[in-house]
Structure formats: C-alpha cells, structure tokens
Amino acid sequence: MGFLYEDLVEIRPAEKAGDPTVITVNCPDKTGLGCDLCRIILLFGLSISRGDALTDGKWCYIVFWVMGRPTTRWALLKKRLLEVCPSYLSTSGISYFRPENQQPKQPDIFLLKFWCCYDRKGLLHDVTEVLCELELTIKRVKVSTTPDGRVMDLFFVTDTRELLHTKKRQEETIHHLRVALRDTIMSCEVELVGPEVTACSQGSPFLPSEITGDMFSLELPNGHPSGSIASNPISVTMDNTLSPSHTLVQIHCQDHKGLIYDIMRTLKDYNIQVSYGRFFANSKRSCEVELFVRQADEKKIIDPNKQNSLCSRLRMELLHPLRVSVVSRGPDTELLVANPVELSGRGRPLVFYDVTLALKILNTSIFSVEIGRHMIGGREWEVYRILLDEGDGCSLPRKKLEEGVRNRLMGWE
C-alpha cells in the first residue's frame, strides 16, 4: 500500500507564534488509545486546546491542536506517540503466538544515589528537571537532610530508552546531574536494584486516618469546597436518543492541565470505547466535550446505575484530578499531594516535577520526601509526602502554599 509506519503520526508545526501545533494520528484503534496519547502529550508539557476523533472500531483518525513550548522536542514526541499506536498488522489478520496470560515485561528499576554537601532552595526540582529531560521516570524518592546540612537523595527510576544498564547511559546521567548541581554534588552512583530493595524504601504503607478521611473522599461535595473548580461548575450528562448505537456524553467544565487525559483515563478504566469525540477550550478556559461512546460489548450505556456511576466518577475526576493538602506532622508542616493510578498501573505524569517547581517559586525548602502507593477506598493512589523545612523562618501561610502548589499542578499559574 505504500503506507509507512512513520505516517501513523504527523506533526505540523505552528505557522506563527501563538498558533497551535497540529498532531494527527491515523492508525488502528484500540480501547484506551486516546488515554495513552493524551498521557504522552501531557508528559511533554503540552496543553490541548482542541481535539477531534473518529473511529469505526478498527481504524481511527485523531487530531490534537496543542500549544507547545520553545524547548519541545517534537521528533522525540512523535517517536513516543508512535510507540503506543497499534501496528497496522493488528487489522490485517496476521497474528503472532503469545502464551495466554503473558504479562508485559516490567522495566528494570535503577537506584540513583547521590550526596550533596549542602541543601538549597530548588535543588530537588533541578534534579527532577534533569531526570525528566533524560526520560528517566521517577518511581520512588527518598530524600533526607542530615543534622550537618548534607542531603542524601535516593531516586528509584526506570529508563524509557531502556539503556540505563549501559556504562554510557549511566555516565551521561551523572554528567547532566553534575552540570545542573555544579559544586553542590559530592558523589553520584547508579545501580540496578531488585523489587525487594524498592519495597524496603517505600516507608510506612499506612497513612494517618485524618488524612485518608477527607483528602481521599470519593463523595461529591455539596457546593464548591476550597480547592475545587468553583468559577465554572461541572456538568456531565448522557443522552441515548441521538444515536441508534452510541451514548452521547456531554461535558462542560473549566479547563485544567491534563483535562482530556483525566476524561480518557476514566473511560479507559471503565472499558468504554469512544467512536467520535470533539473537544474545544476557549480563551476563558471554558471547555466543551462531546463523546459518542459505547461499552466493550458494542452496546449503548442503558443501565441507569452504570450511567450514574460513570457520570459521578467523571465529575469527581474533573473536580479533583489531584488532591493537595497541607497538614501538621507533629511540630512540622507536611505537604501532601495525591493522584489516582490508572488500572494499568501508570501514575500521572510530571506531578513531582510540578510540585518541586511550585515550591521553588514559593521559595520554600524541602527537608524530606517520600513517594509511595496506597490502596484507599478501593483505589490505588500515588501519594507524595513532602516535609517542609521551615528552619529559615520564611514559612508561608498554609493556604497560600496549598493554592500555589495546586495552581501549578492544574496549569492555572
């Protein structure tokens, strides 16, 4: 046919400053493809201003209008988008033998361990920025400050490029860290570790009950509580009268970073297929989403209980895509940030990057960090526990600190 694998994804650069870049995906379809594509776009720090999607269940055509940055690596973005697109062989009838229940190979986990001779504001964000640029995914973090002011950082990471076992890749990683940290860094090592080492590094698997009670509530609140999207109420409705074979889901809400990802990951977790979709966000951050969907059995969503469950979950995910709270931890102040994990096991991209950036901008130092996963209310959550260093006497009011972190995470800065 003359159809090249590279043609599955096309990126058309913006014609002038302020215009969106257009990403076109034309490939075989699969349930959850929209979620996978939106997650990668979010991972590259891009925002989707408009989107259209159409599929017949076998082949799909998706267009994203995204706002890029001068530093966006478009060639690498295309490569990562291509990696989640199913091969055209999946629609050709050609199949390969795969043992039943065969699980995909889990990526190797590496321990990046280094000492810094002294702490400074923004140090942790500078490290996180380097790791993101190198496409090293942070799985666990253990950061602590010794009484004499030195900092020990333990980062458990996986390598998107699957090269961190090589000496060249390890040397590249250490070099970039030394350039970013300059005379701060004392030593740096990279080593392959087993899952038992990672498990031992996770700290306590339990969270205080006062945290899990309010912060992880799955009940829709009355009115608009602090930290919610109060300026533009969320509306999620379903209609089965406009199509003989699909349910129309209409969403009106305020835009935030990763909005389409939050919608698509929810539909993916519910095993809902999108046959046609349209998304638009105006200059006032008001969004309209229309999705013609059906269940995995290719039927409309008729059951009222299923309709109510999906609508409630969508409202909750759009109201609180992330949870942010500042609490007391004895005499100290702790920042808590949590996000739900997809059923596939993947967490939300760039959360730690945005949190550390917000604290750097707020001129707030970090004393220690723990990242772990917890089962709460029947769902798995990725929880960031950040103990703040208030020893310099420049602590911010808790409300201002919470708002600053939340606004950065939501893209409202």
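Yes or no, residue by residue, for (1) assigned to a strand (DSSP E or B); (2) in contact with a Ser or Thr (Cβ under 6 Å, 6 or more places away or on another chain); (3) closer than 28 Å to Arg398 by Cα:
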position: Thr266; (1), (2), (3): no, no, no
position: Val274; (1), (2), (3): yes, no, no
position: Arg278; (1), (2), (3): yes, no, no
position: Cys287; (1), (2), (3): yes, no, no
position: Asn305; (1), (2), (3): no, no, no
position: Pro321; (1), (2), (3): no, no, yes
position: Ser328; (1), (2), (3): yes, no, yes
position: Glu342; (1), (2), (3): no, no, no
position: Tyr353; (1), (2), (3): no, yes, yes
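Residues that are open to solvent by 30 Å² or more (accessible area, probe 1.4 Å) and not in a loop (DSSP other than H, G, I, E, B) within segment 330-340 comprise just one, Asp332. Annotation note: of Ile251, Ile260, the sole residue that is open to solvent by 20 Å² or more (accessible area, probe 1.4 Å), under 22 Å from Leu42 (Cβ atoms) and at pLDDT 95 or above is Ile260.
Being without any contact (Cβ under 8 Å) to a residue 12 or more places away in the chain and open to solvent by less than 60 Å² (accessible area, probe 1.4 Å) is a property that does not hold for Asp36.
Being crowded, with 19+ Cβ neighbours inside 10 Å, farther than 24 Å from Arg408 by Cα, over 15 Å from the mean Cα position of the chain (by Cα) and modelled with pLDDT of 95 or more narrows it down to one of Leu357, Leu310, Leu314, so name that one.
Leu310
Within segment 89-107, can one find any residue that is in a loop (DSSP other than H, G, I, E, B), at pLDDT 90 or above and either of a type in the set (Val, Ile, Thr) or touching a strand residue (DSSP E or B) at 6+ places or on another chain (Cβ under 9 Å) (or both)? No, segment 89-107 has no match at all.
Taking segment 5-29 as the search range and keeping residues that are part of a loop (DSSP other than H, G, I, E, B), open to solvent by 80 Å² or more (accessible area, probe 1.4 Å) and not acidic (Asp, Glu), which one is nearest to Asp52 (Cα to Cα)?
First, the residues of segment 5-29 that are part of a loop (DSSP other than H, G, I, E, B): 13-20, 29.
With open to solvent by 80 Å² or more (accessible area, probe 1.4 Å) added as a condition, the list becomes 13, 15-17.
Next, from what is left, pick out any that are not acidic (Asp, Glu): 13, 16-17.
Working: Pro13: 18, Lys16: 22, Ala17: 23 Å.
The residue in question is Pro13.
Taking segment 375-413 as the range and being open to solvent by less than 20 Å² (accessible area, probe 1.4 Å), part of a strand (DSSP E or B) and touching a residue at least 60 places away in the same chain (Cβ under 8 Å) as the test, the residues that pass are Trp381, Val383.
The values are calculated or read from the model by the stated rules, or taken from the named source; none is laboratory data. Only a predicted model underlies this, so the values are computations on that prediction, with no experimental measurement involved. Backbone-built Cβ (ideal geometry, glycine too); neighbour counts: all protein chains shown. Heads up: the accessible areas ignore ligands, DNA and RNA and are worked out on the full protein's heavy atoms, side chains in. Shrake-Rupley method; radii C 1.70, N 1.55, O 1.52, S 1.80 Å.
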